[in-house]
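S.K.: Sharing a structure with you now.
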Amino acid sequence: MAAQASAVDLAFDQETGGRSQASQEEKRIGRVVSVSGSQVIVMLENHELEGVQAPGDEIQIGGLVKMRTPASTLFGMISGLSIPIPSENASESEMRIVEMELVGEAIEKEGMGKPVFQRGVSFCPSLGDGVYTTTQNDLKQVYARPAVSSVRIGTIYQDQTLPAFISTDDLLGKHFAILGTTGSGKSCAVALILRAILAQHASGHALLLDLHNEYGRAFADCAEILGPGSLELPYWLLNFEEIREIMIGSGQDNREADVVILKGAILEAKRRYRSDDAKTDHISADTPVPYRLSDVTQQIDEALGKLDKPTDSAPYLRLKERFSTLQSDKRFSFMFQGLTVRDNMTAILSRLFRVPVAGKPVTILDLSGVPSEILNVVVSLVCRLTFDFALWSDRALPILLVCEEAHRYVSQDATLGFEATKRALGRIAKEGRKYGVSLCVVSQRPSDLAVGILSQCNTIFAMRMSNQKDQEFVRGTLSESALGLLDSLPTLRTGEAIVVGEGVSVPVRVRFDILPDERKPLSGTASFSAAWQNDDKDETFVAEIVERWRRQRR
């Protein structure tokens, strides 16, 4: 254990350039006047405040201070500053109060040689105990690279000589979310975190749902991009609820007859395709086995010919017309393409989940070309396939599923979206970690997310948020020790985040490392001021747009 700790210290010193060796002296700043659970109130001693300017020592929101007990050194994070009775003259002595939340303690452990920091507190401070600033060595203890698999993502805001690390297994094993308003740097944060993890785990398996075709450049060297022209998700992979949504729609009233006809026709078509199989009893309308659309329409025609009353033909004719429309519409070619049907489920799953990896651990599903009316169905299918693949592989191949713009298809509003999508993603959130599925939720409107999704994410990267409703929603999912930090959400700069949860040692404000320009996602805002300087477009330009529009090709 001692050798392992030494290796961790050496790695940390290399990250900081050895600056941690030049530790500052600690300074007493006040005394404990109140202890209530994890909250401690400190009265500052004004005569001791002079000269408290060393990095990491400032008395500011999010800063760390320490207290000593007979058995440990306690660390608290400042969550509030106040002067209860201000004087008219600022030079006069005033009572200054610091509120803090206890975040952890350093305890000497046998064989380690020096105290080791751990989250949680087993010994509370007493009234009158002294409170001290933290030194560089203290910060090194708290923010050091964990003694488990971890990656660097940026620097600590309070002291930018200190690198910020995340624990890989704790981050991926218990889900995480990246939240923030438009322009706060979410897409760059997603790319940075994934690239940092995959740089150390080249045989990873990540599936990224890209709704706006912005991540292709960020992972050009390590991803396979499946989009218009290359995406293949055949209709027979859909379960009955998903195919029903495409064929009939969930908002249609008095369409029970359509549902019964469609279910019976699909079930018989699946059995016909597997007619060479001696046993087809296991096949249901939800079983992912191929079937021919011609067999479905033939079943509908046969049932239509047996009708006694022509007035009862409307459901049959509607289904036939819908099948014909889907097969002729090029926008649906990735799902309803080709005249032949083959059982290539193994090849499809291997491509989706990168088996084998072959140097490209990321699959990017470019969903920008998917018709909006079936986007939720496609997401439902992908999420369900991911969970079922992990379930039946018996955790032999852990998968990371990244859901960009998650609020679009797992809305809290029951009247929006597709319920099957919410259930599929909710199942991953609740049960995925048991089967090796990690979920990354990315959203600019966390308050619009379905209840339960965000609460299952044990690590939160909260970036700039100006909407009060979003701020309150995020506060409700975090621990008390992070609430002081969250007050700064509206003032965070682009590329900064409050990180709290299992993936970090303590709640911390970080500044993400900067990605090279060629590795940044294409998520920037159009430059109106530059584009509006020249009138260099003509009808030929518009004609090209119309052609791409009609062909559904960018």
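The values are calculated or read from the model by the stated rules, or taken from the named source; none is laboratory data. Note that this is a predicted model, so its numbers are computed, not measured. Don't worry about glycine lacking a Cβ; one is built from the backbone with ideal geometry, like all the others, and counts go over all protein chains shown.
S.K.: Within region 456-509, restricting attention to residues that are under 18 Å from A189 (Cα atoms) and of a type in the set (S, T, Y), which residue is modelled with the lowest pLDDT?
M.R.: T491
S.K.: While we're here: Does region 83-98 contain any residue that is in the same structural domain as M43 (by TED's automatic domain parsing), modelled with pLDDT under 85 and outside any loop (DSSP other than H, G, I, E, B)?
M.R.: no
S.K.: So, one more: Which of the following residues is in a strand (DSSP E or B) and over 17 Å from the mean Cα position of the chain (by Cα): R145, R152?
M.R.: The conditions single out R152.
S.K.: So, in region 328-342, how many residues would count as being surrounded by 12 or more Cβ atoms within 10 Å (Cβ to Cβ) and either more than 17 Å from S372 (Cα to Cα) or among the aliphatic types (A, V, I, L, M) (or both)?
M.R.: Of all residues in region 328-342, those surrounded by 12 or more Cβ atoms within 10 Å (Cβ to Cβ) come to 329-337, 341.
Next cut, either more than 17 Å from S372 (Cα to Cα) or among the aliphatic types (A, V, I, L, M) (or both) only: 335, 337, 341.
Within region 328-342, residues that are surrounded by 12 or more Cβ atoms within 10 Å (Cβ to Cβ) and either more than 17 Å from S372 (Cα to Cα) or among the aliphatic types (A, V, I, L, M) (or both) number 3.
S.K.: Restricting to region 510-528, and then to whatever is among the polar types (S, T, N, Q) and surrounded by fewer than 16 Cβ atoms within 10 Å (Cβ to Cβ), can you tell me which residue is modelled with the highest pLDDT? Steps first, answer last, please.
M.R.: Filtering region 510-528 down to residues among the polar types (S, T, N, Q) leaves 523, 525, 527.
After this cut, where a residue has to be surrounded by fewer than 16 Cβ atoms within 10 Å (Cβ to Cβ) as well, the list is 525, 527.
Details: T525: 69, S527: 77.
Across region 510-528, the extreme among qualifying residues is S527.
S.K.: Name the single residue, out of those in region 318-367 being free of Cβ contacts under 8 Å to residues at least 24 places away in the same chain and of a type in the set (A, V, I, L, M), that is farthest from R550 (Cα to Cα).
M.R.: A358
S.K.: Tell me, which residue of region 112-142 that is touching a helix residue (DSSP H, G or I) at 6+ places or on another chain (Cβ under 6 Å) and part of a loop (DSSP other than H, G, I, E, B) is surrounded by the fewest Cβ atoms within 10 Å (Cβ to Cβ)?
M.R.: Ranking the qualifying residues of region 112-142, first place goes to G113.
S.K.: Tell me which strands (runs of 3 or more DSSP E) are completely within region 161-225 and hold 1 or more residues being over 21 Å from R351 (Cβ atoms) and over 16 Å from the mean Cα position of the chain (by Cα), or say none if there are none.
M.R.: Values: elements: 163-167, 176-179, 206-210.
The qualifying strands (runs of 3 or more DSSP E) are 163-167.
S.K.: Part of a helix (DSSP H, G or I) and at pLDDT below 90: does that describe A257?
M.R.: Judged against the criteria, A257 is a match.
S.K.: In region 262-360, which helices (runs of 4 or more DSSP H) lie fully inside it and hold 1 or more residues that are in the same structural domain as P228 (by TED's automatic domain parsing), of a type in the set (S, T, N, Q) and modelled with pLDDT of 90 or more?
M.R.: Qualifying helices (runs of 4 or more DSSP H): 345-352.
Every residue, every condition in (1) closer than 23 Å to R28 by Cβ; (2) in the same structural domain as Q200 (by TED's automatic domain parsing); (3) touching a Cys at 6+ places or on another chain (Cβ under 7 Å), yes or no:
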position: Q118; (1), (2), (3): no, no, no
position: S122; (1), (2), (3): no, no, no
position: R152; (1), (2), (3): no, no, no
position: Q158; (1), (2), (3): yes, no, no
position: D169; (1), (2), (3): no, yes, no
